[in-house]
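Encoded as C-alpha cells, the structure appears first; notes follow it.
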Amino acid sequence: MTQKAKAVAIQKEYAKKSQIKEIWRRMKKNKLAMIGLAIFCILVAMSLSADLIADYQESAIKQAGSIRLQPPSWEHYFGTDQYGRDLLARMVHGSRVSLSIGFFTTGISLLIGGILGAMTGYYGGIFDEIVMRLMDILLSIPSILLAIAIVSAMRPSLLNLLIAITISQIPGFTRIVRSTVLTVVGEDYIEAARACGSKDFRIITNDVLPNAIGPIIVQGTMSVAKMILLGAGLSFIGLGIQPPQPEWGYMLSEAREYMRDYPYLVVIPGIAIAISVFSINLIGDGLRDALDPRLKN
Amino acid sequence: MNMPLIQTKNLKKYFRTQKGDLHAVDNVNIDINKGKTLGVVGESGCGKSTLGRVILRLLEPTFGEVIYNGNDIIHLNQKQMNNIRQKMQIIFQDPYASLNPRMTVSEIIAEPIKVCKIIKDKEELNQRVFDLMKIVGLDYRFINTYPHEMDGGRRQRIGIARALALNPEFIVCDEPVSALDVSIQAQILNLMMDLQEDHGLTYMFITHDLSVVKHISDEIMVMYLGQCVEKAPSEELFANPLHPYTQALLDAIPIASLKERDKLRKIIKGEVTSPINPKPGCRFASRCFHVTAECKNDGLGLVEVSQGHYVSCILHK
Amino acid sequence: MKVIYKTDSDTICAVNGIDLILDKEQTLGIVGETGAGKTTTALSILRLLPQDIGEITEGQIIFEGKDLISAKESDMRKVRGEKISMIFQDPMTSLNPVLTVGQQLYEALELHNTQNKSKSQLEARVDEMLELVGIPKNRKREYPHQFSGGMKQRVVIAIALACSPVLVIADEPTTALDVTIQAQVLAMMSELKNKLGMSMILITHDLGVVAQNCDKVAIMYAGEIVENGIIEDIFEGVNHHPYTEGLFGSIPDLTRSTKRLNPIDGLMPDPINLPAGCTFHPRCPKCMDICRTKKPEPFSFGSHVIKCHFVQNSNQ
C-alpha cells in the first residue's frame, strides 16, 4: 500500500462524522429540545398552511355581527371575537405575522449586532469605545420607546415595524457578543492562531465565533420570543399591524375589554404566544448544548 | 563566523498601566545559535513569557531589535512577517487553553498549513497531518477526536505537532511541561529533545523550573523583574552560580534525596516586587543577602566574568 | 497517644483500599500524580467528600482512638478545624474575597471558641497567629487581593493553625507558588509543626518536597498505596515498586548530568475502568503473567511495604 493510500484508509477508518449529523445526533438525545422542535414544526406548518385551514377574507377579516362573541363550539373551535370573526382563523393567520416578526428581526439584529460585537471585542481600542458608547445611548432608551419613535417618525407599516424592532435590539446583541468574544480572545489558542500567521478574519470566524456561539444562541432564541411580544405591544398602540390584519399581540389587546366575560378571547392568543416562545427556548437550549463538542455523549 | 539564528538587541517591552510603566522586559540581549537551546528561568512576573512573545512579535516591543537570521524583523510588514512566522513557532504552557475546543485534532494540526497555504491538495495535507502525528507519538485513532477528550500529555503533543507543522527552525517553548504530571513531563521532554536532534531545531525554553531547564538547555539565562541577571552555559551556571538570585533559586529547589535534607539552606526573604516604575539600581537589592549601599546606584550591567558567563551584580564587577 | 488512620474506601474506585498509620508529631507524605486519589483520601479523613457523589463504602478512620466514619456530623464539625484542619492547594480561591484577612481568622477562632474567650482575647490570638506565619499584624485589615500568592498561603496556614489542631492535612500547599516562595512557606510550615507539636499529612506530587519535609512516605497510584515506609526506605532502600522507580526516573536530577530521562510509558488508567490484577501492570516494565490477573498483596520488609509481585518474588 502506498503511503497516500494508507492515509486515505486511515482517514476513512476514523472519519469525522459530518458536523451537522453529529449535532443532530446530540440534539436527538435531548428530549426537551425534541419536544420543542416538534411543537415548533407544528406551528410553522400551521402558519404555512393557513390558507388551507381557513379562508383569510371570509373568516379572518370579514365581520359578522350575527355571530359575535360566541364561545368555542363545533362550528367555531375557538369561538368568535367581538366582530364575529373566527378566532381559529385569526390565530392561524396571525401566526404568520407574529413568527416572521420574531425571526426576521432577531435574524437581522443578530447579524448586525454580531458583526459589531465581534469586531469591538476583538479589536478593542478606540473603535470599541465609539461603538459601545453609541450602543449605550441606544440602550438607555427603553426599546419600546425607541421603536415608537422610529415607527412614528416613518409611518406605521409592517416593514417599518420590523426596522424599528431590529434597531432597538442591536445594542443588546452587540453587548452579549462582545462580552463573550472578550473572554474567548484572552485564550491561548487565539494567540496560537496568531502565531501561525492567521489573518484576523480567519481568527474571528474559525476560533472566536465558534467558541462564543453558546450564549449568542440562547440570547437569540430568547430574543425571538421578546420580539413577538414587542411587535404585539407596538401593534397594540396602533404603530404596527393595521387592523383588521390579524396578529397575536394585537388580538390580545383587542380582547382586553371583553376579558372578564369572555376569557377565551385572551387565553387563546396568549397560549399561542406562550407555546411558541416556550418551544423556541427549548430548541435554543438544546442547540447550545449540541453545538458544544465538550458536552458530547 | 558563527552567526546566531536569533538575536535581540536592547529589547524592551513596557506596558502602560495606571500606576506607571510596567517594565516587563528591560534591555534584554540574547543570541541563540542554530540547533541550540536557551533556557530562560525566572519566577512568575519576571517577564519571561513576555520576552518570548515579543520575539515572535505577538507583542510589539517598546524598543530594540529582534534579529532573525541577520534581519531585523521588528519593522517588517504583515506580509513579510508571515513568511518569517513559518520559521518561528510557539508551544504554550497550558495544553488545555491553547487548543481550540471546537476543532478536532487533525484540524488543529492542519490549521497552520492551511493558513500559510503550503499544501493545497487535501490528501497531501492529510498525509502531512499523519506524519506529524507520528512524529509526536500520537496514535492515528485520535485524528478526529476533540482535545477535551484527551489527557494533558496528549494535548501537549498536539500543541507540539501544530508548532512543527510549518517546519520551523526556531520554537519558543513557554513552560511546555509545567502543567503536566512528572511522568508525563519526562515523556514530553524526551520527545522535545528527540525532535531537536532530528530536525535541528532551535529552542528558547521558558520555565520556572531550574531542574527541567538544566536538562534541556545549552545556555541558561536567569531573569529577575524584566532584566537578565545572569547568563551562562548550563553546566557552568549550576556549578558556579554567581548572582545571589541564581544561588537562591538553586537553593530553593527541593531535591529528591535525603543527603541534602539537613543541609542548611539559605532562603531569601520577601517576594518579587512590582516591576512598575522600578527604582534605579539592582532590582534584586531588596531581597539580597549581600546588599550594599552601592547596589542602589545605577549603571549596573552584565559583565563577562569568565568565558560565556555573564553576571550583573556589584559583587562581580 | 497514637493517631491511627485505617481507611478502606471505594469512591468510584478513586480510593481503593488504603491503610495508613501516622504517629503523633510525624509528617506523612502522600505522593502521586493527578487522579491518584490523594485529595480524595484527605477529604475522606475529614468526611468532606462531596455529598451524593462521594461515599465511603468500607473501612475506618481512627483518630485518637475514635472512628470518624461512624461519628455524628455534629461531632465531626468539632473535629474539623479544632483537631484536624486542612490547607488547600490554591490560596487564591480558598480565601473569601469580601472579608478582611483578620475577619476570616477571627471567624475560624470564634467557631471553635470552646473556652469562651472574650473578644479581645480572640483578637489578640488573631494578631499572634499572623505574627506566627510572618505577616505583620497591622495588615490584618487588608483584603486577600492585596496579598501576594505566598502571603495568601500564609494566611490560609494561619487559619488552619488557629485552633491548634493535632493534625494538619496540607493538600499541595505550595504547588501554586514560585520556588523561592515555596521554600519560604515549606520552611515555615515545618518550623511551626515542630513548635506546635502537630502531625501533618503533606500531599504533593513533588518527591523533592517530600524528601525535605517528611518522616514517612506513601506512594499512591490509581487509588492504591503501592509503596510506603519511612523516608529512608523510599529514598535509600534497595527494593522499590516499579512505579516509584518510574517517578524517580522522571525527575531531572540536578546532581548528575543525564541527557535522557527514563519516564514511565503510557498513562494513568481510567478510575472507572481499572485494569485487572495489579493496576500498574499495563505500564510496568517488569510485568509478569501473574500481574495481569492477581492483585499483589502488601509485602513488607520491616517498616517498608510494597505491593508488587516482582518485588515479592525476587525476595522470597
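The values are calculated or read from the model by the stated rules, or taken from the named source; none is laboratory data. Computed from a predicted structure; not experimentally measured. Cβ sites come from the backbone with ideal geometry, for glycine too, and all protein chains shown count toward neighbours.
Key figures
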item: Yes/no for A:TYR250 being aromatic (Phe, Trp, Tyr) and not in a helix (DSSP H, G or I); result: no
item: Count of segment B:125-146 residues which are more than 24 Å from the chain's Cα centre (by Cα) and part of a helix (DSSP H, G or I); result: 11
item: Top-ranked residue in segment B:102-125 [being closer than 30 Å to A:GLY214 by Cα and modelled with pLDDT under 85; ranked as nearest to the other protein chains (Cβ to nearest Cβ)]; result: B:ARG102
item: Residue in segment A:21-68 that is nearest to A:ILE217 (Cα to Cα), counting only those that are touching a residue at least 60 places away in the same chain (Cβ under 8 Å) and of a type in the set (Lys, Arg); result: A:ARG26
item: Pairs where the first residue, in segment A:188-216, is under 18 Å from A:ASP292 (Cα atoms) and at the interface with chain B (Cβ under 10 Å from one of its Cβ atoms) and the second is basic (Lys, Arg) and assigned to a loop (DSSP other than H, G, I, E, B), C-beta under 9 Å, 6+ apart; result: A:ASN206/B:ARG102; A:ASP207/B:ARG102; A:PRO210/B:ARG102; A:ASN211/B:ARG102; A:ILE213/B:ARG102
item: Subset of segment C:150-182 that is within 19 Å of C:GLU25 (Cβ to Cβ) and of a type in the set (Val, Ile, Thr) - its residue that is surrounded by the fewest Cβ atoms within 10 Å (Cβ to Cβ); result: C:VAL166
item: Test set (1) within 12 Å of chain A (Cβ to nearest Cβ); (2) without any contact (Cβ under 8 Å) to a residue 40 or more places away in the chain - B:SER183 fails condition number; result: (1)
item: Options B:GLY226, B:GLY153, B:GLY159, B:GLY200: the member that is in contact (Cβ under 8 Å) with a residue 60 or more places away in the chain and within 12 Å of another protein chain (Cβ to nearest Cβ); result: B:GLY159
item: Those residues of segment B:275-289 which are within 18 Å of B:GLY20 (Cβ to Cβ), assigned to a loop (DSSP other than H, G, I, E, B) and touching a residue at least 60 places away in the same chain (Cβ under 8 Å), in sequence order; result: B:PRO275, B:ASN277, B:PRO278
item: Segment A:142-172, residues that are part of a loop (DSSP other than H, G, I, E, B) and touching a residue at least 12 places away in the same chain (Cβ under 8 Å); result: A:PRO156, A:SER157
item: Qualifying positions in segment B:208-240 - of a type in the set (S, T, N, Q), within 17 Å of B:GLU43 (Cβ to Cβ) and out of contact with any Pro (no Cβ under 8 Å at 6 or more places or on another chain); result: B:GLN227
item: Scope segment B:280-310; condition of a type in the set (Asp, Glu) and under 22 Å from B:ASN240 (Cα atoms); matching residues; result: B:GLU304
item: Conditions (1) more than 14 Å from chain C (Cβ to nearest Cβ); (2) in contact with a strand residue (DSSP E or B) (Cβ under 9 Å, 6 or more places away or on another chain); (3) surrounded by 22 or more Cβ atoms within 10 Å (Cβ to Cβ): number failed by B:PHE170; result: (3)
item: Qualifying residue in segment C:107-123 (condition: more than 14 Å from chain B (Cβ to nearest Cβ), in contact with a strand residue (DSSP E or B) (Cβ under 9 Å, 6 or more places away or on another chain) and not aromatic (Phe, Trp, Tyr)); result: yes
item: Subset tally (residues that are of a type in the set (A, V, I, L, M), assigned to a helix (DSSP H, G or I) and either within 13 Å of chain B (Cβ to nearest Cβ) or on the phi > 0 side of the Ramachandran plot (or both)) for segment C:194-251; result: 7
item: Residue in segment C:109-120 that is touching an Asp or Glu at 6+ places or on another chain (Cβ under 8 Å), more than 20 Å from C:GLY150 (Cβ to Cβ) and modelled with pLDDT under 80 present; result: yes
item: Count of segment C:131-149 residues which are touching an Asp or Glu at 6+ places or on another chain (Cβ under 6 Å) and part of a helix (DSSP H, G or I); result: 1
item: Among residues of segment C:72-116, those that are in a loop (DSSP other than H, G, I, E, B) and touching a residue at least 24 places away in the same chain (Cβ under 8 Å), counted; result: 15
item: Test: residue in segment C:154-174 that is farther than 25 Å from C:ARG80 by Cα, within 14 Å of another protein chain (Cβ to nearest Cβ) and either in a loop (DSSP other than H, G, I, E, B) or among the aromatic types (Phe, Trp, Tyr) (or both); result: no
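Here's the yes/no breakdown for (1) at positive phi; (2) touching a Phe, Trp or Tyr at 6+ places or on another chain (Cβ under 7 Å); (3) surrounded by 15 or more Cβ atoms within 10 Å (Cβ to Cβ); (4) away from every other protein chain (no Cβ under 14 Å):
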residue: A:ARG25; (1), (2), (3), (4): no, no, no, yes
residue: A:MET34; (1), (2), (3), (4): no, no, yes, yes
residue: A:ALA38; (1), (2), (3), (4): no, no, no, yes
residue: A:CYS41; (1), (2), (3), (4): no, no, no, yes
residue: A:GLY65; (1), (2), (3), (4): no, no, no, yes
residue: A:GLY79; (1), (2), (3), (4): yes, yes, yes, yes
residue: A:ASP86; (1), (2), (3), (4): no, no, yes, yes
